[in-house]
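**Q** Take this structure first; my questions come after.
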């Protein structure tokens with residue numbers, strides 16, 4: 001009898017953990033959906049353009065620095 005009770009209790013705990021994990025997953029999906037749905041497109045495009053400009057500037061700076069060496073100054 002005790003073995004059966006412990007087996008049933010373990011199964012119930014597993015089911016409860018799965019329900020909690022599912023509830024957490026649903027909450028995460030709703031949060032992600034809300035962030036996408038409520039996106040301020042003008043702000044997002046502006047931020048994207050700023051980050052693209054910064055990336056291009058850093059790439060150009062790297063290209064200039066990459067060709068430098070001490071032998072060019074001698």
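**Q** Kindly indicate which of 61, 42, 54 is surrounded by 10 or more Cβ atoms within 10 Å (Cβ to Cβ) and under 24 Å from the mean Cα position of the chain (by Cα).
**A** 54
**Q** Here's another thing I want to ask about it. With respect to residue 7, is the statement that it is surrounded by 10 or more Cβ atoms within 10 Å (Cβ to Cβ) and part of a helix (DSSP H, G or I) true?
**A** yes
**Q** Could you tell me which numbered condition residue 68 fails, if it satisfies all but one of (1) modelled with pLDDT under 95; (2) within 22 Å of the chain's Cα centre (by Cα)?
**A** (2)
The values are calculated or read from the model by the stated rules, or taken from the named source; none is laboratory data. From a predicted model like this one, the values you see are computed outputs, not experimental measurements. Note that each Cβ is placed from the backbone with ideal geometry, even for glycine, and that neighbours are counted across all protein chains shown.
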